[in-house]
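Below is one structure, written out as structure tokens, with a few remarks after it.
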Amino acid sequence: MRIRPVVTVLSLAFVLALPVSPAAARAASGAAPSDTTFSHVVVNGGKDIVLGLTTRKTVTITWTATDPDGVVASWAYLWHGPNTDDADGILPAYPPTGTCTVSPTDPTTSTCRVSFGVDAARDLDHNALAGRWNVLAGAQDTTDDWTEIDAAATAPVKRLAAVTVNASPEPVKKGRTLTVTGRLTRANWESGTYTGYEGRPVRLQFRKKGSSVYTTLKTVTSGSHGTLRTTTKARTDGYFRFLFPGTATTGPATAAGDFVDVR
């Protein structure tokens, strides 16, 4: 179901200072479409929105709204699903209008932003919500025409992942075999727990003592319940870690390095 901000315009003298009612505006202006266009739509600073089980964070959407008649008000929010009428997720649940500033050199162009809180425990109740979300952007111009674009941009909302590592035995003689184990898990929004992420490629990396650079030794596939297990030769003192690069639905994760003393 499509959701729009409920706002009211009292006077065009309050352009961009007061909220408006898009539904009422369309009724007043008839069926003629608006010439409003949207550009430079950016969600969360261009970064993935990665959420654990209880993550709370503020997400900001910024955009530019342009109309030959100037813009009275503009709004934007995130939605997920096959279309806006059948959306199974809306962020935020009650979208506010954005705060817009008219360009000092071009009265037809306004830069807008809106910030809202996301609470994983409250807003995400099933794992299928992970993946691509769309940005609906809307605006009302000074002649009371309004426009909405269902997919002005997209933003990835992902499940938080975690990975552990343990290299043994410690200490170990040079040239002996080390066994490196760990586990890859991710937030399960339905069960409220972190569960194993199976069948995913994870990199085993090594950093020599005294260096700041990790080198990938091999790629391991996570097994049942997200377990990781592989072997490598002990050559010099240093740190081993697993690195998971992430997927379209799950954020990346890196284990803290486990130091091994090679004698």
Report, by residue number, each residue of the stretch 93-122 that is over 17 Å from R56 (Cβ atoms), part of a loop (DSSP other than H, G, I, E, B) and among the small types (G, A, S).
G98, S103
Pairs, first of a type in the set (D, E) in the stretch 90-117, second modelled with pLDDT of 95 or more, C-beta under 9 Å, six or more apart:
D106/T66
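Go through the stretch 125-163 residue by residue and tally those that are over 13 Å from the mean Cα position of the chain (by Cα) and touching a residue at least 40 places away in the same chain (Cβ under 8 Å). So that I can check it myself, show each step before the final result.
So in the stretch 125-163, the residues over 13 Å from the mean Cα position of the chain (by Cα) come out as 125-128, 136-152, 161-163.
In the following step, the residues that additionally are touching a residue at least 40 places away in the same chain (Cβ under 8 Å) were identified as 125-128, 136-150, 152, 161-163.
Of the residues in the stretch 125-163, 23 are over 13 Å from the mean Cα position of the chain (by Cα) and touching a residue at least 40 places away in the same chain (Cβ under 8 Å).
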For G45: the one exception among (1) outside any loop (DSSP other than H, G, I, E, B); (2) open to solvent by 60 Å² or more (accessible area, probe 1.4 Å); (3) at negative phi; (4) not aliphatic (A, V, I, L, M)
(3)
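For the stretch 246-258, which positions are open to solvent by 60 Å² or more (accessible area, probe 1.4 Å) and closer than 20 Å to P156 by Cα? Give the derivation first.
First pass over the stretch 246-258, keeping only residues open to solvent by 60 Å² or more (accessible area, probe 1.4 Å): 248, 252, 254, 256.
Of everything in the stretch 246-258, those that are open to solvent by 60 Å² or more (accessible area, probe 1.4 Å) and closer than 20 Å to P156 by Cα turn out to be A248, P252, T254.
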Considering only the stretch 60-114, how many residues are touching an Asp or Glu at 6+ places or on another chain (Cβ under 7 Å) and either over 25 Å from P156 (Cβ atoms) or aromatic (F, W, Y) (or both)?
7
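Listed here are the residues, each with its yes/no results for (1) part of a loop (DSSP other than H, G, I, E, B); (2) touching a residue at least 24 places away in the same chain (Cβ under 8 Å); (3) under 27 Å from R132 (Cβ atoms).
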site: S212; (1), (2), (3): yes, no, no
site: K218; (1), (2), (3): no, no, no
site: H225; (1), (2), (3): no, yes, no
site: T231; (1), (2), (3): no, yes, no
site: T236; (1), (2), (3): yes, yes, no
site: F240; (1), (2), (3): no, yes, no
site: A256; (1), (2), (3): yes, yes, no
Filter the stretch 69-92 for residues that are assigned to a loop (DSSP other than H, G, I, E, B) and open to solvent by less than 50 Å² (accessible area, probe 1.4 Å) and give the result.
G70, G81, A87, P92
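Hey, which of the strands (runs of 3 or more DSSP E) in the stretch 131-173, taking only ones fully inside, have at least 2 residues that are on the phi < 0 side of the Ramachandran plot and open to solvent by 30 Å² or more (accessible area, probe 1.4 Å)?
Fully inside the stretch 131-173 and qualifying: 146-159, 166-168.
The values are calculated or read from the model by the stated rules, or taken from the named source; none is laboratory data. Note that this is a predicted model, so its numbers are computed, not measured. Note that we place each Cβ from the backbone using ideal geometry, even for glycine, and neighbour counts take in every protein chain shown. For accessibility, only protein heavy atoms count, side chains too; no ligands or nucleic acids. Shrake-Rupley method; radii C 1.70, N 1.55, O 1.52, S 1.80 Å.
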